[in-house]
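Report on the following structure.
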Ligand SMILES: Cc1cc2nc3c(=O)[nH]c(=O)nc-3n(C[C@H](O)[C@H](O)[C@H](O)COP(=O)(O)OP(=O)(O)OC[C@H]3O[C@@H](n4cnc5c(N)ncnc54)[C@H](O)[C@@H]3O)c2cc1C
C-alpha cells in the first residue's frame, strides 16, 4: 500500500474508455497526483477497490502491466449498482481507487 491511510482512495481521472463487448468496458485511469502515480506499485494479479462517489465501491483486478507508471487500467462487466454507475461515467470524470490488495 502506498497511501498512509488504507481507506483513503487515490483520485483518478478517466482518461480513456474502451468498449470490449456488450456490458464490458475497460477504463484507463490516470492518477490526478503525479507523485502518487510515480510512487504507486503493485504485483500482477492484485486487485483494487474502485469507487463511484455516492454509489459505493467495486472490486476489480488491475488489468494493465505493473511496469506502467502514472495510470492503471481495469476491465469490468456491468453487474449491479456500482458497475452500472461506473459504466455511466465519461472521460474526464473522477473515480476513487484503493490498491493494491491480495497476493500477486
Ligand atoms: C478479487 C476480485 C476480483 C474481481 N475482479 C473483477 C474484474 O477484474 N472485473 C469484473 O468485471 N469483476 C471483477 N470482480 C467482480 C466484481 O467485484 C463484481 O462484479 C462487482 O463488485 C459487482 O458490483 P455491483 O455493485 O455492480 O453489483 P451488485 O449490485 O453488488 O450485484 C448485482 C447482482 O449481481 C450479482 N453478482 C455480482 N457480482 C457477480 C459475479 N461476479 N458473478 C455472478 N453474480 C454476481 C449479485 O449477487 C447481485 O445479485 C472481482 C471480484 C473479486 C472478489
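Worth a mention:
- Counted residues, the stretch 62-77 - those being touching a strand residue (DSSP E or B) at 6+ places or on another chain (Cβ under 8 Å) and either more than 7 Å from the ligand (Cβ to nearest atom) or more than 23 Å from residue 33 (Cβ to Cβ) (or both): 9
- Of the residues making up the stretch 84-97, those that are in contact (Cβ under 8 Å) with a residue 12 or more places away in the chain, over 12 Å from residue 11 (Cα atoms) and either buried (at least 17 other Cβ atoms within 10 Å of the Cβ) or near the ligand (Cβ under 9 Å from one of its atoms) (or both) are 85, 86, 87.
- If you go through the stretch 65-83 and keep only what is assigned to a loop (DSSP other than H, G, I, E, B), within 14 Å of residue 26 (Cβ to Cβ) and touching a residue at least 12 places away in the same chain (Cβ under 8 Å), you end up with 65, 78.
- Answer residue from the stretch 3-48, given it is surrounded by 14 or more Cβ atoms within 10 Å (Cβ to Cβ) and without any contact (Cβ under 8 Å) to a residue 40 or more places away in the chain and is farthest from the chain's Cα centre (by Cα) among those: 36
Read-outs: derived from the displayed coordinates by stated rules, not from any lab. Computed from a predicted structure; not experimentally measured. Note that we place each Cβ from the backbone using ideal geometry, even for glycine, and neighbour counts take in every protein chain shown.
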